Structures are given as C-alpha cells and as structure tokens.
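Student: A single structure is presented below for examination.
The values are calculated or read from the model by the stated rules, or taken from the named source; none is laboratory data. If you're wondering where the values come from, they're calculated on a predicted model, not measured in any experiment. All Cβ positions, even for glycine, are placed from backbone atoms using ideal geometry, and neighbour counts span all protein chains on display. Heads up: the accessible areas ignore ligands, DNA and RNA and are worked out on the full protein's heavy atoms, side chains in. Shrake-Rupley method; radii C 1.70, N 1.55, O 1.52, S 1.80 Å.
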Amino acid sequence: MSATPKPTGPDDRRPNDPHATRMPRWLPRAMVLALALLACFQLASWAFHQLISLLLNILIAFFLALAVEPAVDWMAARGMRRGVATALVFLAILIVGVGFVTLLGSMLAGQIATMVGEFPQYLDSVISWTNDTFHTHLSRVEVQNNLLKSDWLQKYVQDSANNVLAVSATVLGSLFNLLTVALFSFYFAADGPRLRRALCSVLPPTRQVEVLRAWELAVAKTGGYLYSRGLMALISGIAHYVLLEILGVPYAPALAMWVGLVSQFIPTIGTYLAGALPMLIAFTVNPWYAVWVLGFVVVYQQLENYLLQPRITARTVDIHPAVAFGSVIAGTALLGAVGALIAIPATATLQGFLGAYVKRYEVTDDPRVLGRGRRRRGASLLAKVRHTLRSEQAAAPLKERRQAEKREEEDEGRREGGGSHAEDGPGGS
C-alpha cells in the first residue's frame with residue numbers, strides 16, 4: 001500500500017526551491033530612479049527659489065530692452081554703433097528718472113520743513129480750540145512734555161534706531177537690483193541681433209521665421225505702447241504745469257511730472273491718484289484752487305480719452321482700460337510689484353499676437369451687436385430705408401446677370417430663327 005503524497009502549497013516550498021517567491025529585478029532600479037527624480041526635483045525647486053530674484057530682474061530687463069530697441073534701431077540705421085546708441089538712450093532715461101526723484105524729493109522736503117516750522121502754530125490753535133470747546137486749561141508746554149515723555153514715542157524711536165541697519169540693507173539691495181536690471185537690459189538691447197542669431201541657430205528654418213516675427217511684433221507693440229504713453233504723459237504734464245503756474249501752486253514742475261507719469265502708467269485709477277496730490281497742495285494755498293484743479297483734471301481726462309488717445313495710439317496698441325486694470329491685478333497677484341510693472345507691456349504684446357494670428361470676420365449690422373437701444377419711429381424708418389437700399393445694391397449684380405442671360409437667350413433665338421429662314425428660302429424658291 002503506497003502512501004499518497006501530501007499536497008504542497010506556495011507556503012510549503014523550501015528555501016532552496018528555485019521557484020520560491022523573490023523580489024522582481026526591476027523593482028530596485030525603479031526605486032533608485034524614483035529617489036533620483038525626487039532629489040532632482042528638490043534640487044531644482046531649491047535653485048529656483050534661490051534664483052527667483054535674478055529671474056525677475058532678467059524679465060524686467062527683457063521688457064525694458066524691448067521698449068528701448070526701436071530707438072536704438074533708429075540710431076543704428078543712421079550709422080551709430082548699437083552700443084553707443086543704447087548708452088545714449090539709457091542716459092536719457094537716467095536723466096529723466098533722477099530729475100523726477102529730485103523734484104519729488106525737494107517737494108516732500110519742503111513740505112516737511114514747512115509742517116515742522118508751523119507745528120507750534122498748529123498746536124496752539126488746537127489747544128485754544130480744545131480749551132474753548134471743552135473748558136479745559138491746557139498749555140503747549142504741558143502737552144509737549146507729556147508727548148516727549150510718552151512711552152509709545154520712546155518705543156518708536158528705539159525701534160527706528162534698531163531698524164536702521166535693516167533699512168540700509170534694503171536700500172542697498174534695491175540699488176543692486178536696479179543695477180542688475182540696467183546691465184541686462186543694456187546687453188539685451190545692444191546685442192539684440194546677436195541674441196536673435198544665437199536663438200535662431202538652434203531652430204529649424206520654419207521655426208526661425210516664426211521666432212523672428214514674434215520678436216519683431218513684441219518690440220513694435222511694447223515699444224509703441226510705452227512711447228505713446230510717454231508722449232501723452234508729456235502733454236498731460238505740460239497742461240497741468242500751466243494750470244498750476246497760473247494758480248500759483250508751489251512745486252508746479254514736480255506736481256506736473258507726477259500727474260503725467262502716474263496718470264498714464266497706472267490704468268483706470270491712475271488719474272485719480274495723480275490728481276489727489278496737486279489738489280492737496282492747492283488746498284493749502286486756497287480751498288477754491290483745489291476745486292479748480294479737480295475740474296481741470298476731469299475735463300482734461302475726457303479730452304485725452306476722446307481726442308488725444310485715439311490719434312496717438314492709432315498706430316500702436318490701444319488697450320481697453322478694463323483689460324489694462326485686470327492685467328495689472330493679475331500681474332500683481334502672480335509676481336507682486338514686478339508683475340504690476342510689466343503687466344501692461346506683456347498684455348500689449350499678447351494683444352499684438354492675437355491681432356496677428358487670430359482670424360477676424362465682419363460683424364453683422366445688428367442693433368444687439370452695435371449696442372443701440374430702442375429707437376424712435378423715424379430712426380427705425382431710416383434704418384429700414386438703409387436696409388432696403390443695401391439689399392437693392394446687393395441684388396443689383398444678380399439682376400444684371402439675369403438680364404444679360406435673358407438677352408443672350410433672345411440673341412440665340414434670333415440667330416436660330418434667322419438660320420431656319422435662310423435654309424427654307426432657297427428650297428422654297
């Protein structure tokens with residue numbers, strides 16, 4: 001009697017069994033590859049966060065180079081070297097920037113000095129009003145002693161003294177970033193053809209044409225938009241300077257430059273922000289002068305919107321105010337102050353791309369498209385007459401063609417009739 005073998009399962013295999021379960025060969029390599037990819041991602045993320053400031057500076061420099069390249073090309077086309085032309089353009093920008101900061105600084109310093117010099121008089125008037133209104137017996141000496149011995153003032157002075165080093169480091173960092181932007185933008189503008197040649201050397205010929213077309217479009221739209229805004233800022237500054245000089249408002253050049261730049265380069269709300277400062281300064285001279293400044297700002301804004309801006313921006317990119325304001329908000333949310341600075345040039349370039357590559361069709365003449373409301377009876381009758389005339393003009397070629405076909409049929413009929421009579425004539429005779 002033979003013993004029946006016991007069934008063996010997967011768990012009953014011996015350790016030396018070659019068919020025993022073991023780790024797949026690809027699993028260790030997959031784990032090593034996954035760890036390597038994770039390490040590369042962490043390294044790239046760390047490097048990106050370390051270089052984010054440099055990348056933002058390069059982005060600002062690129063748009064600045066696009067803005068100044070038309071002027072550089074104009075000088076280079078007349079025989080000037082690109083390096084010298086770029087240096088002259090940046091020198092002009094530096095002079096304008098330094099002049100603007102100097103004028104604003106002198107205005108602020110003068111206002112602060114005036115406020116400090118007249119502070120005792122303001123304090124006396126406030127104390128006198130308080131004593132008369134609330135029947136108190138305050139004196140200026142007592143108020144000054146209590147103010148100087150207050151805890152919050154001493155704490156504020158100590159905190160300001162401790163933050164001097166941090167403020168100095170921030171100022172030096174800002175100057176270094178400004179120098180970095182100027183250096184990169186100078187190289188981008190001066191070596192623009194060489195940079196485009198290096199970029200096209202790694203692309204096939206079909207892609208080279210598209211890249212050069214996109215680059216040219218970006219230069220034209222960005223530079224055109226900024227130049228048109230600069231021209232309108234100049235006109236606005238001159239107009240407001242004349243008004244402020246007539247009214248006798250102090251610091252008229254600085255205020256006029258402030259109004260021109262802020263009103264043109266900050267969309268939608270820039271006009272109101274720019275007009276607030278001259279109104280405040282004019283109010284210190286005469287309250288009615290502030291009303292005159294407000295009225296002039298409103299009237300000039302309407303003239304600019306309906307007369308100057310359509311003529312100046314006819315050959316450049318005219319961005320809708322809502323689109324410009326939305327682009328500034330989006331740029332601020334993405335890149336902060338840098339995004340707000342380059343949002344409008346980037347939007348102008350994008351709008352130029354869409355205008356060049358997107359096919360547009362003729363829109364039907366419909367009141368719902370034209371935005372017209374309910375019309376009067378006479379206006380609707382006039383619209384019907386216009387529609388009838390357009391329909392007749394559109395149907396005129398078809399009518400003429402039908403008449404020509406009818407004449408051809410009649411001519412063919414006459415020719416056929418004439419031919420049959422000619423054949424019957426000799427036979428009948």
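Student: Taking the options ILE329, ILE344, name whichever one is open to solvent by less than 50 Å² (accessible area, probe 1.4 Å) and either in a helix (DSSP H, G or I) or at pLDDT below 70 (or both).
Tutor: Only one candidate passes the filter, namely ILE344.
Student: I need every pair where a residue in the stretch 152-172 that is farther than 27 Å from SER53 by Cβ has its Cβ under 8 Å from the Cβ of a residue that is surrounded by 10 or more Cβ atoms within 10 Å (Cβ to Cβ) and among the hydrophobic types (A, V, I, L, M, F, W, C), sequence separation at least 6 or different chains.
Tutor: What qualifies is LEU153/LEU147.
Student: Taking into account only those residues within the stretch 76-88 that are open to solvent by 40 Å² or more (accessible area, probe 1.4 Å) and either aliphatic (A, V, I, L, M) or in a helix (DSSP H, G or I) (or both), which is nearest to ASP191 (Cα to Cα)?
Tutor: ARG82
Student: Search the stretch 102-118 for residues that are over 19 Å from MET257 (Cβ atoms) and free of Cβ contacts under 8 Å to residues at least 40 places away in the same chain and pair each with any residue that is of a type outside the set (Lys, Arg) and surrounded by fewer than 11 Cβ atoms within 10 Å (Cβ to Cβ) when their beta-carbon atoms are under 9 Å apart and the residues are at least 6 apart or on different chains.
Tutor: Between residues of the stretch 102-118 that are over 19 Å from MET257 (Cβ atoms) and free of Cβ contacts under 8 Å to residues at least 40 places away in the same chain and residues that are of a type outside the set (Lys, Arg) and surrounded by fewer than 11 Cβ atoms within 10 Å (Cβ to Cβ), the close pairs are MET115/TYR122.
Student: Here is a follow-up. Out of LEU123, LEU94, LEU138, which single residue is surrounded by 11 or more Cβ atoms within 10 Å (Cβ to Cβ), modelled with pLDDT under 85 and within 29 Å of PRO278 (Cβ to Cβ)? Don't jump to the end; show me each part of the working.
Tutor: Details: LEU94 fails: modelled with pLDDT under 85; LEU138 fails: within 29 Å of PRO278 (Cβ to Cβ).
Among LEU123, LEU94, LEU138, only LEU123 is surrounded by 11 or more Cβ atoms within 10 Å (Cβ to Cβ), modelled with pLDDT under 85 and within 29 Å of PRO278 (Cβ to Cβ).
Student: Of the residues TYR241, TYR227, TYR187, which single one is open to solvent by 80 Å² or more (accessible area, probe 1.4 Å), modelled with pLDDT under 85, assigned to a helix (DSSP H, G or I) and not basic (Lys, Arg)?
Tutor: TYR227 is the lone residue from the list that is open to solvent by 80 Å² or more (accessible area, probe 1.4 Å), modelled with pLDDT under 85, assigned to a helix (DSSP H, G or I) and not basic (Lys, Arg).
Student: Report, by residue number, each residue of the stretch 244-256 that is part of a helix (DSSP H, G or I), touching a residue at least 60 places away in the same chain (Cβ under 8 Å) and surrounded by fewer than 18 Cβ atoms within 10 Å (Cβ to Cβ). Walk me through how you get there before you give the answer.
Tutor: Of the residues in the stretch 244-256, the ones part of a helix (DSSP H, G or I) are 244-247, 252-256.
Applying the additional criterion that residues be touching a residue at least 60 places away in the same chain (Cβ under 8 Å) yields 253-255.
Within the stretch 244-256, PRO253 is the sole residue that qualifies.
Student: May I pose another question? Farther than 27 Å from THR222 by Cα, buried (at least 21 other Cβ atoms within 10 Å of the Cβ), at pLDDT 90 or above and of a type in the set (A, V, I, L, M, F, W, C), is that true of VAL259?
Tutor: no
Condition check ((1) under 30 Å from ALA67 (Cα atoms); (2) of a type outside the set (A, V, I, L, M); (3) in a helix (DSSP H, G or I)) across all residues:
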residue	(1), (2), (3)
GLN121	no, yes, yes
SER128	no, yes, yes
ALA161	no, no, yes
ALA169	no, no, yes
LEU183	yes, no, yes
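Student: For the stretch 26-49, does any single residue satisfy the condition of being within 30 Å of the chain's Cα centre (by Cα) and within 26 Å of ALA254 (Cβ to Cβ)?
Tutor: No, because not a single residue in the stretch 26-49 is within 30 Å of the chain's Cα centre (by Cα) and within 26 Å of ALA254 (Cβ to Cβ).
Student: Sticking with this one: PHE63 fails exactly one of the following numbered conditions: (1) within 16 Å of LEU341 (Cα to Cα); (2) open to solvent by 70 Å² or more (accessible area, probe 1.4 Å). What is the number of that condition?
Tutor: Of (1) within 16 Å of LEU341 (Cα to Cα); (2) open to solvent by 70 Å² or more (accessible area, probe 1.4 Å), only one is false for PHE63: (2).
Student: Quick check: anything in the stretch 349-359 closer than 14 Å to PHE63 by Cβ and either polar (S, T, N, Q) or surrounded by 18 or more Cβ atoms within 10 Å (Cβ to Cβ) (or both)?
Tutor: So far as the stretch 349-359 goes, yes, one or more of its residues are closer than 14 Å to PHE63 by Cβ and either polar (S, T, N, Q) or surrounded by 18 or more Cβ atoms within 10 Å (Cβ to Cβ) (or both).
Student: Out of the stretch 262-285, which residues are in a loop (DSSP other than H, G, I, E, B) and open to solvent by 50 Å² or more (accessible area, probe 1.4 Å)?
Tutor: Within the stretch 262-285, ILE266, THR268, ILE269 qualify.
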